[in-house]
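Colleague: I have a structure here, written as structure tokens, and I will follow up with some questions on it.
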Amino acid sequence: MSPIQPISNSNSPEQVVKPVGVEGQILTQKRSSLLSRSLIVAGVCFLAIFAFSWILYFILNNVLDLSADSAGTTIIILYAVAAVLIIVSFIMSMVVWAKINTVRIGTIITTIVFYSVAEGIGFGILFFAIGLSTEASEIMRDVMLLFLAGGLIFAITGIIGTMLSKKATIGLGKFILIATIAYIVIMLITFIVVIVAAAVGNGAILDALNSNAFLFLIFGFEGILFILYIAFDFSSIKKSEAFINSELSFRYSLIFGYKLLIDLIGLIWVLIRIFLATRR
């Protein structure tokens, strides 16, 4: 009898395998290798986003001769491009996940590139806007510290995630699903209330929804969600069996790295929005 005993009859690469003996140690090493490669993908993409955002900031701030009007038009165009790329990458992500075992590697990489460019544009515009402030150096320093804080939270949460049991991971996944649905419902209700309040000219409601208290509540909810996503994704990767063959392992390294990248970028954006809200 083989010392590696499946405890699931699923043919999916995500089936759980119970490691025993030397082979069990090899499986553990392969799981760790999958997580390491996923982190490398996320790290390289994050550094590329950061570098691209600074290049864009340099171009906007030093190369282009932007007046107040032309700067606004340029930023709107960049935002539109970023929005299109985000939408396209989201649609492509769903296709990739639906056909992860057969989709072309190039499609996965293109999805990651589209998302990375969109986020690079977002951060580049943020840096440009900060540069126009009279307290540019101070704000920029604080934003860089937020990048560092986001990285530390990501690392600590990830370590905790790798320690979760299978049962805890399943329970966390269910909780995240419920919390995400609740968040979407809250945002839809908020959107409808804003439209109705604006139509009837109810400034009190608009002011309440734009207050720091409400914004901090929403941002806090988003931050907790991203932290839970990070823990869940780390745990899922650590327990994944997507190393059955080298091609499959490479595919999952890319897509898992992409998920970790989204988690990290999302968390950093939440921290930045909270920081900017405190300075209003």
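Colleague: How much FRET efficiency would the formula 1/(1 + (r/R0)^6) give for VAL88 and PHE147, where r is the Cβ-Cβ distance and R0 is 22 Å, rounded to 0.05?
Modeller: Working: r = 26 Å, r/R0 = 1.17.
Computed FRET efficiency for VAL88 and PHE147: 0.30.
Colleague: In square nanometres, what is one fourth of the surface area of the convex hull spanned by the alpha carbons of the stretch 134-235? Please list the in-between numbers first.
Modeller: Details: hull surface 34.3 nm².
Dividing the Cα hull surface by four gives the mean projection, 8.6 nm².
Colleague: Taking 0.36 nm per intervening residue step and subtracting the Cα-Cα distance, what contour gain separates GLU135 from ILE189 on full extension?
Modeller: Numbers: separation 54, 0.36 × 54 = 19.44 nm, distance 3.62 nm.
Contour length minus Cα-Cα distance gives 15.8 nm.
Colleague: Would you work out if the stretch 85-183 is rounded, prolate or oblate? Take a ≥ b ≥ c from the square roots of the eigenvalues of the alpha-carbon gyration tensor; rounded if a/c is under 1.5, else prolate when a/b is larger than b/c, oblate otherwise.
Modeller: On the way: a/c = 2.39, a/b = 1.34, b/c = 1.79.
Verdict is oblate for the stretch 85-183.
Colleague: While we're looking at this one, here's another question. Using 10 Å bins from zero, what percent of all Cα-Cα pairs in the stretch 169-280 falls into each bin?
Modeller: 13, 32, 29, 16, 8, 3, 0
Colleague: A follow-up question, please. On alpha-carbon atoms, Rg over Rh for the stretch 105-150 using Kirkwood Rh? Before the final figure, lay out the partial values.
Modeller: Numbers: Rg = 14.3 Å, Rh = 12.1 Å.
Reported Rg/Rh (Cα atoms, Kirkwood Rh): 1.17.
Colleague: Taking the Cα centre of the stretch 81-218 as origin and charging only Cβ (+1 Lys, Arg; -1 Asp, Glu), how large is the dipole, in debye to the nearest 20? Before the final figure, lay out the partial values.
Modeller: Values: 6 positive and 5 negative charges, 168 e Å.
Value, rounded to 20: 800 debye.
Colleague: Moving on. Starting at the first residue of the stretch 131-148, write each ³J(HN,Hα) from the Karplus equation 6.51 cos²θ - 1.76 cosθ + 1.60 with θ = phi - 60°, in whole Hz, x for Gly and Pro.
Modeller: Using θ = phi - 60°, the values come out as x, 7, 6, 6, 10, 4, 5, 5, 5, 4, 4, 5, 5, 4, 5, 5, 4, 5 Hz.
Each value in this text was obtained by applying a stated rule to the coordinates, not by laboratory testing. None of the values given here were measured: they were computed from a predicted structure. We place every Cβ from the backbone using ideal geometry, glycine too, and count neighbours over all the protein chains shown.
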